[in-house]
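Asks: Could you have a look at this structure, given as structure tokens, before my questions?
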Amino acid sequence: MTPCLPDGPQARPEVEALVAYSAPLEGRRGLLRLDFNENTVGPSPKVVDAIRAIPADHYAIYPEYDGLREAVVASLGGMGLNPAHIGLFNGVDAALHAVFHAYGAPGDRLLTTSPTFGYYSPCARMQGMVIEAIPYRLPHFGFPLEEIRAALLGPGGAGEPSGDWHPPRILLICNPNNPTGSRLAPERILELAAAAPRTLVVVDELYEAFTGDSVLPPLLNRGGTDAFPAHSNLLVLRSLAKTAGLAGLRIGFAIGAPALVDRISRVTGPYDINSFAVTAARAALEDQAYVDTYVAEVLQARSWLLEQLQAAGVRHHAAGGNYLLIWPSRPAAEVEAELRQAGILVRSMAGKPLIDGSLRVSLGSREQMARFWSAYQLIEAMTISASP
Ligand SMILES: Cc1ncc(COP(=O)(O)O)c(C=O)c1O
């Protein structure tokens, strides 16, 4: 008899080398959650009513997706979109996973920026891809457009294979970028995609509602029946997690040319999105006014907090998104722990390139930001009075 291997059979080499992507997500209920850029007040009451109205016997039936793609198309408005342009996923995380699964082969290159959203790199690594991450070293963490262009288009500037050089398989742009908030004009992204037809250009627009920077309006306003005729390599990711307040239900969308959406949908299971998420998404998409009001409130709270930070002379950085970076006078992890004791969660960026020592603070309502600011001042004042 063959003896049992203590760790069971080996996984693929790429998986054996991988460290699981895990975020500290336990024990957060009841606290003020400014650590994951979620909506901080919850979804529209219409979403809650719609979920409550699901009869219990429907739990026993596999989910049905009819009408959800149409609802996404209607919510985006404009011309040139139809349901075949919309991929449905169990959160944008699942869409990202599917993109890499469908397109990334061992040795292929992912071109992206650094620091950026933490899930891109494990997705690339699990496929055995090589990661080229261009740092945000320009003043104010400006987007490194020239370096990205050079890495995308190669020595000849044509994006065509030449000698040992191959175009990147995937270019991933988080716009605005999490956590630096860096913004890139949508027109520049469209230019990059048009110049590099062999590269899949993925734009993660999770936080676009807070800036209005999206590649979709210029594509949708051109008229015609297909918004992506000249951009068959462009994929846009959107989620209902951060604005509509559905992070716990997991629902995200990938929007692009039908052939692209078809490829990434091939690597997902038939029922990966559950019935509650489908019902909630339809109700949320019908109540855009709720999302608009929430976004306006966050932007107001942002202005208020920025005034306080400026007046108090606290080093900070704010650009796009419902978050900003603050550099406390002590190690970020210590301040993070003390804020937790005060019932407030923020995210230490200790050890991250270029933003080491900072805290990422998500923005919520004006009242929530006032609570954060009082606690932060108290903790920092304690530091100042304790120093010799
Ligand atoms: C830039 C970015 N992309 C994707 C995600 C994941 O979104 P979802 O909750 O829809 O999976 C996040 C979540 O923090 C994010 O910040």
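Values in this text are rule-based calculations from the coordinates and carry no lab data. The shown structure was predicted, so the numbers you read here are calculated from the model rather than taken from an experiment. Every residue, glycine as well, gets a Cβ built from its backbone with ideal geometry; the counts of neighbours run over all protein chains shown.
Asks: To check you understand DSSP bridge types, tell me what percent of the beta bridges within the chain (both residues inside) are antiparallel, rounded to 5.
Replies: 50
Asks: Between Leu145 and Asp57, what length comes free when the chain is fully extended (0.36 nm per residue of separation minus the Cα-Cα distance, one decimal in nm)?
Replies: Between Leu145 and Asp57, full extension yields an extra 26.4 nm.
Asks: What is the calculated FRET efficiency for Ala337 to Asn274, with r their C-beta to C-beta distance and R₀ = 51 Å, to the nearest 0.05? Don't skip to the end; give the middle numbers.
Replies: Details: r = 35 Å, r/R0 = 0.69.
Taking R0 as 51 Å, the efficiency between Ala337 and Asn274 is 0.90.
Asks: Report the trypsin sites (Lys or Arg not before Pro) located in segment 95-199 that are in a DSSP loop and have at most 15 other Cβ atoms inside 10 Å of their Cβ, or state none.
Replies: Values: sites: Arg109, Arg125, Arg137, Arg149, Arg169, Arg183, Arg188, Arg198; in loops: Arg137, Arg169, Arg183, Arg198.
Here the trypsin sites (Lys or Arg not before Pro) that fit, given the DSSP loop and packing criteria, are Arg137, Arg198.
Asks: Quote the Stokes-Einstein diffusion coefficient, in whole µm² s⁻¹, for segment 45-287, based on the Kirkwood radius over alpha carbon pairs, a temperature of 37 °C and a viscosity of 0.692 mPa s.
Replies: 177
Asks: Oh, and also: Once every DSSP H run of n ≥ 4 in the chain is given -39500 (n - 2.57) and the sum is divided by its residues, what mean residue ellipticity at 222 nm do you get, rounded to the nearest 500 deg cm²/dmol?
Replies: It comes out at -11000 deg cm²/dmol, rounded to the nearest 500.
Asks: Taking the chain as a Gaussian network, where each spring joins two C-alpha atoms under 10 Å apart, which residue of Thr279, Thr225, Thr112 fluctuates the most?
Replies: Residue with maximal mean-square fluctuation among Thr279, Thr225, Thr112: Thr225.
Asks: Hydropathy first: keep DSSP H helices in the chain averaging at least 0.0 on Kyte-Doolittle, then drop any whose Cα extent along the axis falls short of 15 Å, and list what survives.
Replies: Details: long enough: 92-103 (16 Å, 0.92); 275-286 (17 Å, 0.86); 288-312 (36 Å, 0.11); 366-386 (30 Å, -0.04).
Membrane-span-like by this rule: 92-103, 275-286, 288-312.
Asks: Which of the trypsin sites (Lys or Arg not before Pro) across segment 244-336 are loop residues per DSSP, with 12 or fewer other Cβ within 10 Å? Before the final figure, lay out each step's value.
Replies: Details: sites: Arg250, Arg263, Arg266, Arg282, Arg302, Arg315; in loops: Arg250, Arg266, Arg315.
Counting only loop positions with at most 12 other Cβ atoms within 10 Å, the trypsin sites (Lys or Arg not before Pro) in segment 244-336 are Arg266, Arg315.
Asks: DSSP loop trypsin sites (Lys or Arg not before Pro) in segment 1-79 with at most 10 other Cβ atoms within 10 Å of their Cβ, which ones? Numbers along the way, then the final one.
Replies: Numbers: sites: Arg28, Arg29, Arg33, Lys46, Arg52, Arg69; in loops: Arg28, Arg29.
Filter output for segment 1-79: Arg29.
Asks: Further, regarding this structure: Radius of gyration and Dmax for segment 222-317's Cα atoms, expressed in Å?
Replies: Rg and Dmax of segment 222-317, Cα atoms, are 18.6, 54 Å.
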